[in-house]
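Chemist: I'd like to ask you about the structure that follows.
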Amino acid sequence: MKITYLGHASLAIELAGKHLIVDPFISANPLAFAIDMSSLKADYILITHAHQDHILDVETIAKNTGAKVVSNYEIVTHFGAKGIDGHPMNHGGSWQFDFGRLTYTNAIHSSSFPDGSYGGQPGGFILETDETNIYIAGDTALTYDMKLIPLQTKIDLAVLPVGDNFTMGYESACIAADFVQCNRILGYHFDTFGYIEINHKDAMRHFKENGKELTLLPIGDSMEIFKK
Ligand code: NI
Ligand code: MN
């Protein structure tokens, strides 16, 4: 499984010959100027919640690629009204897709659309494949619910927000990594706006001191994930 960081909370995931895009917010992110949206491949677009910084480029990418949206019922219905195909889910539910098995997990956050309309409850995803399992937390606070995840799934990589203010900061994210029993963390949701700028060295040191490895990828860079 190859994960490419597209900036903010946006990811491109390649596995089993399929391409997934997570929470695309690229065209209005000045830090992501080097990402060419028209070249992105997508079979599916995973959306954690309805906030602008997670859905801004969904329509463009879906229309460029014909990708199917996977999210909570309300978000899938919203994009369905725009002619975009989707697969609705809700918390705790799993579905076997042609790339792997997805579970929509709980997140402590909010999820209104930019116009204020209801965007369902915010979530995250567990992605289980033959190769490896990852947890994409979405925008969330540290929550005890994360402790339920390793009861069912061995997580090889946890993608966690580390920017603080709107989500947990890196110290809480380090505890979240303990809760999901995973020592390998990809940080996201940092630096995009003034509210979420972080000191990368301090964040990485904090994880290291706690026996964990935090990766903060430069935008456009990729990492390969294998089962340990
Ligand atoms: Ni949000
Ligand atoms: Mn956000």
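Chemist: Of the conditions (1) open to solvent by less than 60 Å² (accessible area, probe 1.4 Å); (2) away from ligand 1 (no atom under 16 Å from the Cβ); (3) under 23 Å from residue 176 (Cβ atoms); (4) assigned to a helix (DSSP H, G or I), residue 134 satisfies every one except a single condition; which number is it?
Modeler: (4)
Chemist: Where the second residue is of a type in the set (A, V, I, L, M) and open to solvent by less than 40 Å² (accessible area, probe 1.4 Å) and the first is over 16 Å from residue 184 (Cβ atoms) and lies in the range 199-213, which pairs have Cβ atoms under 8 Å and are six or more apart or on separate chains?
Modeler: Qualifying pairs under 8 Å: 200/216.
Chemist: Quick one: which residue in 120, 124 is closer than 30 Å to residue 81 by Cβ and touching a helix residue (DSSP H, G or I) at 6+ places or on another chain (Cβ under 6 Å)?
Modeler: 120
Chemist: On to the next question. For the condition surrounded by fewer than 23 Cβ atoms within 10 Å (Cβ to Cβ), in contact (Cβ under 8 Å) with a residue 24 or more places away in the chain and under 17 Å from residue 215 (Cβ atoms), what is the one hit in 191, 164, 145?
Modeler: 191
Chemist: Go through the range 44-93 and give me each residue that's over 28 Å from residue 153 (Cα atoms) and aromatic (Phe, Trp, Tyr).
Modeler: If the condition is that a residue be over 28 Å from residue 153 (Cα atoms) and aromatic (Phe, Trp, Tyr), then 79 is the only one that fits.
Chemist: Can you give me the ranges of the strands (runs of 3 or more DSSP E) entirely in the range 1-101 with at least 1 residues that are farther than 26 Å from residue 117 by Cβ and open to solvent by 10 Å² or more (accessible area, probe 1.4 Å)?
Modeler: Ranges flagged: 2-5, 11-15, 18-22, 94-96.
The values are calculated or read from the model by the stated rules, or taken from the named source; none is laboratory data. These figures come from a predicted structure and were not determined experimentally. Glycine also receives a Cβ, built like all others from the backbone with ideal geometry; neighbour counts cover every protein chain displayed. The protein model used for the area step is the full one, side chains on, heavy atoms only, and it has no ligands, DNA or RNA in it. Shrake-Rupley method; radii C 1.70, N 1.55, O 1.52, S 1.80 Å.
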